[in-house]
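K.L.:
Mind having a look at this structure? Questions to follow.
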Amino acid sequence: MFVNGVWIDEPGRVKQETHLFFKNKFQEEEWVRPKLDGVSFKAIGQQHNDRLTRPFTEKEIKDAMWEVIKVDVLHFMVEFVCSWNFPEGV
């Protein structure tokens, strides 16, 4: 193991340096976390909460999916109509 410009091959020292490396790599840095004492947050009403937590409707899902696949579907249609061949990957 190469540490600070020196090769180390003694097993106990390799184990120690490996431990220190990973300890330093994954140790959480200490920092002062902000306090929120006395800070007022706006709250939403029950009606707004109900709208945010209700299940998605079929229309919402269809609309969202169309936005995801629209460009691919349009590309497929143009390619097919112009060449009468299916685009690659279909």
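Where a number appears in this text, it was derived from the coordinates with a stated rule and is not lab data. If you're wondering where the values come from, they're calculated on a predicted model, not measured in any experiment. Cβ: placed from backbone, ideal geometry, glycine included. Neighbour counts: every protein chain shown.
K.L.:
So if a site counts as exposed when it's one of the chymotrypsin sites (Phe, Trp or Tyr not before Pro), its DSSP state isn't H, G, I, E or B, and it has at most 13 other Cβ atoms within 10 Å, what's the longest stretch of the chain without one?
P.N.:
Maximal segment without exposed cleavage sites: 1-30.
K.L.:
Kindly provide the helix-only [θ] at 222 nm of the chain, computed as the sum of -39,500 (n - 2.57) over DSSP H runs of four or more divided by all residues, to the nearest 500 deg cm²/dmol?
P.N.:
Calculated from helices alone, the mean residue ellipticity at 222 nm is -18500 deg cm²/dmol.
K.L.:
A follow-up question, please. Report the residues of the range 56-79 in range of a label on I44: point 7 Å along Cα→C-beta, backbone N strictly under 14 Å from it.
P.N.:
56
K.L.:
Mind checking which of Q47, V3, F22 is farthest towards the positive end of the range 1-63's charge dipole, using Cβ charges of +1 (Lys, Arg) and -1 (Asp, Glu) about the Cα centre?
P.N.:
Q47
K.L.:
How far apart, in nanometres, would the label points at R13 and F56 be if each is projected 7 angstrom from Cα along the Cα-to-Cβ direction?
P.N.:
In this crude label model, R13 to F56 measures out at 5.9 nm.
K.L.:
Here is a further query. For the range 15-51, list residues with backbone N below 15 Å from a point placed 7 Å from the Cα of V6 toward its Cβ?
P.N.:
Backbone N within reach: 15-18.
K.L.:
Within the chain, what's the longest stretch lacking trypsin sites (Lys or Arg not before Pro) that sit in DSSP loops with no more than 13 other Cβ atoms inside 10 Å?
P.N.:
Details: sites that count: K35, K42.
Formally, the longest exposed-site-free interval is 43-90.
K.L.:
Taking H as built 1.01 Å from N, whose amide H comes closer than 5 Å to the amide H of I8, not counting residues under 5 places away?
P.N.:
For I8, the qualifying residues are F2, V3.
K.L.:
Right, next: Grab the eigenvalues of the alpha-carbon gyration tensor for the chain, scale each by 5, take roots, and send me the semi-axes largest first in whole angstrom. The partial results should precede the final answer.
P.N.:
Details: eigenvalues 573, 272, 24 Å².
For the chain, the semi-axes come out at 54, 37, 11 Å.
K.L.:
Same structure, new question: Less than 30 Å apart at the alpha-carbon level, and either on another chain or at least 8 residues along: which lysines does that give for K15?
P.N.:
K23, K25
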